[in-house]
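Undergrad: Dropping the structure in here first, questions after.
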Amino acid sequence: MTTRHVLILGGTCEAAALAGRLHAADDYHPVSSLAGRTGNPRPLPGEVRIGGFGGVEGLAEFLSSRRIDMVIDATHPFAATMSRNAAAACDRIGLPRLRLERPPWVQQANDRWIEAEDVHAAARALPSDARRVFLSIGRQELAPFAARPEIHYLVRMIEPATKPPPLPRHELVLGRGPFHAEAEQGLLVRHRIEFVVSKNSGGDATYAKILAARHLGLPVIMIKRPEPPVGPCVETVEAALGWLRRHRT
Ligand code: NAP
C-alpha cells in the first residue's frame, strides 16, 4: 500500500493526537509543523519541523518539494493567518485540505459572559471601574489592554516572553494546561480578580478558569473565534481520520 504524506499544522492537543494515530498506522507518514512559539514543546510522534514556512509562497513550495498528499490544519482556533495561508497554498497546488477545529465552549447556566468580537473589543468591554483583571489570552495580543493603564493585570503565559508585556501594571503567572478548577479558583481569589478575559478556545485543557469564574460568579469577557477559511471542517480526530481514509485514492 502506498504511503501517504500528511502535513499536520499543529500546536494543539488534537494535532498531537492525530500525529500519534497516523504514526502508528503503516500507510501514513505524518509531518507535524509547529510555529516555534514555545522553546520547549511537548515531544510529538513522527517527523516534526519547526518554524514559519514564509507565507503562502513558502508553504506551497514546501508542500510540492516534500510531496505532501494531504494537509490537516489543526492549528489553534485563533491561528487565523496560518489557516488562511494553508487554504491559499492548497488551493494553488490542488491539494486536499481539512480544518480540524474543536468545538467552542458554550455559555452554561450561571456563566456571566460578555462576548467580544476580538481582543480590541475585549479591552473596550472592561467597565470603567474594573481594576483587577485576569488575562488568559497568550502573550501575543496584550497590547490593546495598555489602553487601560489603571487596571492591574494578572497575565498568564506558557513561558516568559522575550519582552515584558506592554502593560504598566501587571503580574506574570506562568503555566501550561491542563489546569484544574480548584487551583484556578484559588488563583482568582488570591489575586482579587474581578474579570476574566479568555479566548473561546474550546477543549478541556483550559476550561478550568471558566468553571472557576462560574463558581465565583465572576464575569468573563469571552473573545469569539475568527471565521475559519471556507472548506471542509471537522471537530474530532476520529472525523479527521475518516476524511483522510476517504481521500486516500
Ligand atoms: P498565526 O498568527 O495564524 O500565524 C502567524 C505565522 O506563524 C504564520 O503565518 C506562520 O508563518 C507561522 N505559523 C503559525 N502556525 C504555524 C505552524 N503550525 N507551523 C509553521 N508555521 C506556523 O498563528 P499564531 O497565533 O501565531 O499561532 C502559532 C501557533 O501557536 C499555532 O501553531 C497555533 O496552533 C498555536 N497556538 C495559538 C494560539 C492562539 O491563541 N493564537 C493558542 C495556542 C496555540 P509563515 O507565514 O512564515 O509560514
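Only the coordinates and a few stated rules stand behind these numbers; no lab work does. Note that the structure is a prediction, hence the values are computed from the model and not measured. Using ideal geometry, Cβ is built from the backbone for each residue, glycine included, and neighbour counts are taken over all protein chains shown.
Undergrad: Calculate the length of the line joining the C-alpha centroid of the stretch 179-234 to that of the stretch 49-113, in whole Å.
TA: Distance between centres, Cα-based: 23 Å.
Undergrad: Please compute the Cα-Cα pair-distance distribution of the stretch 85-151 with 10 Å bins starting at 0, giving whole percents from short to long.
TA: All Cα pairs, binned at 10 Å, distribute as 14, 33, 25, 19, 8, 1 percent.
Undergrad: By counting other Cβ atoms within 10 Å of each Cβ, how are 180, 76 ranked from fewest to most?
TA: On the way: 180 12, 76 23.
Listed from fewest to most nearby Cβ atoms, that is 180, 76.
Undergrad: Between residue 152 and residues 5 or more places away or on another chain, which pairs have amide H atoms under 5 Å apart, with H built 1.01 Å from N, and which residues are they?
TA: So residue 152 has HN proximity to 132, 133.
Undergrad: R0 = 45 Å: FRET efficiency of residue 132 with residue 88, Cβ-based, nearest 0.05? Don't jump to the answer; show the numbers that get you there.
TA: Working: r = 42 Å, r/R0 = 0.94.
The value I calculate is 0.60.
Undergrad: Let me ask something else about it. Could you line up 3, 12 from fewest to most neighbouring Cβ atoms inside 10 Å?
TA: Numbers: 3 11, 12 22.
So the ranking, lowest neighbour count to highest, is 3, 12.
Undergrad: How many nm is it between the label spots at residue 238 and residue 48, if each spot is 7 Å from the Cα in line with the beta carbon?
TA: Taking the two extended label points, one gets 2.8 nm.
Undergrad: Under the rule of at least 5 residues apart or a separate chain, name every residue whose amide H is placed under 5 Å from the amide H of residue 221.
TA: Here 114, 196, 197, 198 satisfy the definition.
Undergrad: Now a separate question. If the reach is capped at under 18 angstrom between alpha carbons, list the lysines near residue 224, excluding any in the same chain fewer than eight residues apart.
TA: Straight-line reach from residue 224, under 18 Å: 199, 209.
Undergrad: I've got another one for you. Could you give the nm distance between label points at residue 204 and residue 117, where each point is 7 Å from its Cα heading toward the beta carbon?
TA: Modelled inter-label distance: 3.6 nm.
Undergrad: Can you list residues whose amide H is under 5 Å from residue 29's amide H, if they're 5+ apart or on another chain and H is modeled 1.01 Å from N?
TA: Counting only residues 5 or more places away or on other chains, the set is 4, 5, 6.
Undergrad: What's the percent breakdown of Cα-Cα distances in the stretch 22-158 across 10 Å bins, shortest bin first?
TA: 9, 31, 28, 21, 10, 1
Undergrad: Arranged by the count of other C-beta atoms within 10 angstrom, fewest first, what order do 65, 201, 33 take?
TA: Details: 65 8, 201 22, 33 26.
With the fewest neighbours first, 65, 201, 33 line up as 65, 201, 33.
Undergrad: In addition: Can you pull a Stokes-Einstein diffusion coefficient for the chain at 25 °C (0.890 mPa s), Rh from Kirkwood over Cα pairs, as a whole number of µm²/s? The partial results should precede the final answer.
TA: Numbers: Rh = 19.4 Å.
Value of D from the Cα-based Kirkwood radius: 127 µm²/s.
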